[in-house]
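The values are calculated or read from the model by the stated rules, or taken from the named source; none is laboratory data. Treat the numbers as computed from the prediction; the structure is a model and nothing was measured. Reconstructed Cβ throughout: ideal geometry from the backbone, glycine too, with neighbour counts over all protein chains shown. Just so you know, the surface numbers come from the protein's heavy atoms only, side chains and all, with ligands and any DNA or RNA stripped out. Shrake-Rupley method; radii C 1.70, N 1.55, O 1.52, S 1.80 Å.
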Amino acid sequence: MRERHASRNARRAREFEAFVAGAAGRLLHAATLLTAEAPDANPRARRLLALSLAHTYASWDRLHGEDPYDRARQYLATRFAREAWHRYGALGRARRQPVGPLGPLAPQERLVLVLRLYEGVAEEQTAALLGLPVERVRTVCDRATAALLRPPPAPARPAASQAKAATP
């Protein structure tokens, strides 16, 4: 009996290690996009990844044919949404400006954009995961995409340098 348990635990550990080897990079990149941290300095993203992988490992035996990547991604997204809600309230008020490529976006916009465009999750699934209407997910995704495609505003030049530029 003890040998069977040891054998099953060893097989479970090997399966999970293979999953982590294949999925951890993509999940870390998704977490980095969500937290809008720099790729080389991303402690919040790494924490999100660790929590997501720990949750997936804890439920490994209960997956029963379910894709473990979907489970890990789902936990990553819901954990990020919950932390953003507690940190900023209503997913985005009074926040500092993150530095990542999705930094100008609010946390909810980043979450919808990462799920829809980076991960390729359907609108209906994204809406169900986040508890939002499908139309809201579509609107948030469109607004976030438009915000990213808009060119950044030109930096304001001081009045003295504008006067010099105007005189030949």
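Points to keep in mind about this one:
- Just one residue in the set Arg12, Arg44 is under 24 Å from Ala144 (Cβ atoms), open to solvent by 30 Å² or more (accessible area, probe 1.4 Å) and touching a helix residue (DSSP H, G or I) at 6+ places or on another chain (Cβ under 9 Å); that residue is Arg44.
- Residues in the stretch 51-72 include none that are closer than 22 Å to Pro101 by Cα and buried (at least 16 other Cβ atoms within 10 Å of the Cβ).
- The C-beta contact set for the stretch 134-154 (first residue under 13 Å from Leu113 (Cα atoms) and open to solvent by less than 100 Å² (accessible area, probe 1.4 Å), second residue modelled with pLDDT of 90 or more and among the small types (Gly, Ala, Ser), distance under 6 angstrom, 6+ apart or interchain) comprises Val137/Ala127.
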